[in-house]
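Visitor: Okay, handing you the structure first.
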Amino acid sequence: MPSPSSAARRISVLGATGSVGCSTLDLVARNRANYELAALTAHSNVETLIEQAREFRPELAVIARDDLYQPLKEGLAGTGIEVAAGEAALIEAASRPADWVMAAIVGAAGLAPTLEAVRQGAHVALANKECLVCAGSFFTDAVKRAGATLLPVDSEHNAIFQVLEPGALEKVDRIVLTASGGPFRTSSLEEMRRATPAEAVAHPRWDMGAKISVDSATMMNKGLELIEAHHLFPVGLERLEILVHPQSIVHSMVAYEDGSVLAQLGTPDMRIPIANTLAWPARMETPAARLDLAEIGSLTFEAPDLKRFPALVLARDALQSGGAAPTILNAANEVAVAAFLAGQIGFLDIAQVVERVMGDLADELPAPGTLDDVMQIDRTSRQKAAERVQKCVV
Ligand code: NDP
């Protein structure tokens, strides 16, 4: 293994064992001389974390679950790699000086560590969209205060990031987020009612973690992305559109006031947007399949069906309501998705639970002003969602 050159970028990967984390490390492995690892983190997959740490030699490896400290320590004995466990250790990993930090922990659990990386003024490659959804302008204010740089990893937001001309926000007519439509794009409501977790995670285009795969099936993922786009590219909610594009080749588009529409295209492989942030502002080679439009033949587009995918309406409503609503939406959705994956509720119950919890709490809870406020709203919403789940347990 070549040793990192003096110009190597110091990087950390939060959520290293997940789908995005592994794709990130795959790119690093192909460009070993350009990167040195500060920290790697995981939640419970200690075996993979040990393997990754042995291969990439970070200074620090952190497992979020306290009870897995001993196996991690034993697995890395003699390597000289520091090991730690627990939530405080995750924050410590995020605060290690680094030029670039991949924020790829799933869910609101990623908020505090990502915020810590932001506070260090790092270049933060943001995969964890839930951060922006649950902490919104509080999060973007922290980015500004720290002078950090957010590099969007979500393929849609990365596409917009690539085609949005600097300083041209006021010239934007519309931003169009494309959506694959997920595995139930053409299913009837009755088929969706009976959908199993295995069917819901079998995404037709993207290979992703379980939570985001279910979010894609309900299209809540696109709803969360709408909120994410609102914070990253503040053109106004009325200028943000969602368009179903089953081939997942056009990753998003920006329409300008002169009628020009700029899009970024590519095969559906997360290593493309990740590479864009990892090498930014330069570009790096990836092993992603090259786009062959002649072979694909046709690209199709259709309007989303808001009746079968009510999560899209819920997310837009949450954004319009503002205050605590997006935080409630995110927390309730995480609980409902986990309950669906555990076989406790049906597929269509996910949006129902979210809607009910928003109805229960949106007018009650104040807008969050601090991280503690966000976490409190998150906890309250999870409790309420757990109660709602109990009511529709199958
Ligand atoms: P995965 O479920 O595959 O991986 C999640 C990562 O976070 C794992 O490393 C996991 O550790 C860790 N983790 C889970 N829970 C906790 C916790 N409570 N505390 C600390 N670490 C935790 O998710 P994805 O890689 O699919 O997604 C990651 C994020 O990126 C999500 O926010 C998702 O929305 C976003 N994203 C993902 C895309 C994709 O293609 N996968 C595309 C665009 C955005 P362990 O493995 O040990 O459980």
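The values are calculated or read from the model by the stated rules, or taken from the named source; none is laboratory data. Because the structure is a prediction, the values reported are computed rather than measured. Here the Cβ is made from the backbone with ideal geometry for all residues, glycine too, and neighbour counts use every protein chain on show. Calculation scope for accessible area: heavy atoms of the full protein, side chains included, ligands and nucleic acids excluded. Shrake-Rupley method; radii C 1.70, N 1.55, O 1.52, S 1.80 Å.
Visitor: Based on the mean of other Cβ atoms within 10 Å per residue, sort peptides 279-285, 217-223, 311-317, 64-70 so the most packed one is first.
Guide: Numbers: 279-285: 11.9, 217-223: 28.4, 311-317: 20.7, 64-70: 15.3.
Result, highest mean first: 217-223, 311-317, 64-70, 279-285.
Visitor: I would also like to ask the following. Using a 7 Å offset from Cα along Cα-Cβ at Leu306, what residues in segment 197-218 end up with backbone N under 19 Å from the label point?
Guide: Counting only backbone N, you get 218.
Visitor: Quickly rank 148-155, 325-332 as a protection proxy: mean count of other C-beta atoms within 10 Å, highest first. Can you show the working numbers first?
Guide: Numbers: 148-155: 22.9, 325-332: 29.2.
So the order, starting with the most tightly packed, is 325-332, 148-155.
Visitor: Tell me the per residue accessible area of segment 263-364 using a 1.4 Å probe; a whole number in Å² is fine.
Guide: On the way: 4640 Å² over 102 residues.
Heavy-atom SASA per residue in segment 263-364 reads 45 Å².
Visitor: Something else about it: Alpha carbons only, please: Rg and Dmax for segment 255-394, in angstrom.
Guide: So, for segment 255-394, Rg and Dmax equal 20.1, 54 Å respectively.
Visitor: Report, to the nearest whole %, how much of the accessible area of the chain belongs to carbon and sulfur atoms, 1.4 Å probe, protein only. It would help to have the intermediate numbers written out before the result.
Guide: Working: 8180 of 16460 Å².
Here carbon and sulfur together make up 50 percent of the probe-accessible area.
Visitor: Excluding residues fewer than 8 places away in the same chain, name every one of the lysines whose C-alpha is closer than 21 Å to that of Lys222.
Guide: Once the sequence-local lysines are set aside, what remains near Lys222 is Lys129, Lys211, Lys307.
Visitor: Of the residues Glu191, Glu241, Glu334, which exhibits the maximal mean-square fluctuation in a Gaussian network model of the chain defined by a 10 Å Cα contact cut-off?
Guide: The residue that fluctuates most here is Glu191.
Visitor: Further, regarding this structure: Can you tell me how segment 323-386 classifies by the Cα gyration tensor, rounded, prolate or oblate, using a/c under 1.5 as the rounded cut? Walk me through the intermediate numbers first.
Guide: Values: a/c = 2.90, a/b = 1.91, b/c = 1.52.
Prolate.
Visitor: Here's a follow-up. Please compute the per residue accessible area over segment 72-137 with all protein chains in place, 1.4 Å probe, rounded to a whole number of Å². Please report the intermediate quantities before stating the final value.
Guide: On the way: 2080 Å² over 66 residues.
So segment 72-137 comes to 32 Å² accessible per residue, rounded to a whole number.
Visitor: Another question, if that's okay. Can you tell me the FRET efficiency between Glu170 and Leu262 if r is taken as the Cβ-Cβ distance and R0 is 22 Å, rounded to the nearest 0.05?
Guide: Values: r = 16 Å, r/R0 = 0.72.
That gives a FRET efficiency of 0.90.
Visitor: Gaussian network model of the chain, Cα springs within a sub-10 Å range: biggest mean-square fluctuation belongs to which of Gly359, Gly78, Gly147?
Guide: Gly78
Visitor: Going by the alpha-carbon gyration tensor, a ≥ b ≥ c the square roots of its eigenvalues, is segment 227-311 rounded (a/c under 1.5) or, if a/c is not under 1.5, prolate (a/b greater than b/c) versus oblate?
Guide: Working: a/c = 1.70, a/b = 1.26, b/c = 1.35.
Oblate shape, in that a/c is at least 1.5 and b/c is the bigger or equal ratio.
Visitor: Once you have the Cα-Cα distance between Asp67 and Gln344, take 0.36 nm times their residue separation minus that, and quote the gain in nm to one decimal.
Guide: 97.1 nm
Visitor: Just the number please: accessible area per residue for segment 162-229, 1.4 Å probe, all protein chains included, in Å². Walk me through the numbers before you get to the answer.
Guide: On the way: 2760 Å² over 68 residues.
Using a 1.4 Å probe on heavy atoms only, each residue of segment 162-229 averages 41 Å².
Visitor: Under 15 Å from a label point 7 Å along Cα→Cβ of Ala7: give me every residue in segment 22-52 with its amide N that close.
Guide: Within reach of a label on Ala7, which here means backbone N under 15 Å from a point 7 Å along Cα→Cβ, segment 22-52 contributes 32-36.
Visitor: Here is a further query. Estimate the FRET efficiency between Lys144 and Glu55 by the formula 1/(1 + (r/R0)^6), using the beta-carbon distance for r and 35 Å for R0, to the nearest 0.05. Write down the numbers at each step before the final one.
Guide: On the way: r = 36 Å, r/R0 = 1.04.
Computed FRET efficiency for Lys144 and Glu55 comes out at 0.45.
Visitor: Once phi is turned into θ = phi - 60°, what whole-Hz ³J(HN,Hα) does the Karplus curve with 6.51, -1.76 and 1.60 give for every residue of segment 299-308, x standing for Gly and Pro?
Guide: 10, 10, 9, 8, 6, x, 8, 6, 6, 7
Visitor: A further question follows. Between Ala88 and Arg32, what FRET efficiency comes out of the Förster formula 1/(1 + (r/R0)^6) with R0 = 41 Å and r the beta carbon distance, rounded to 0.05? Numbers along the way, then the final one.
Guide: Numbers: r = 31 Å, r/R0 = 0.75.
The computed FRET efficiency comes out at 0.85.
Visitor: Right, here's the next one. List every residue whose amide H lies under 5 Å from the amide H of Ala367, counting only residues 5 or more places away in sequence or on a different chain, with H placed 1.01 Å from N in the peptide plane.
Guide: Ala324
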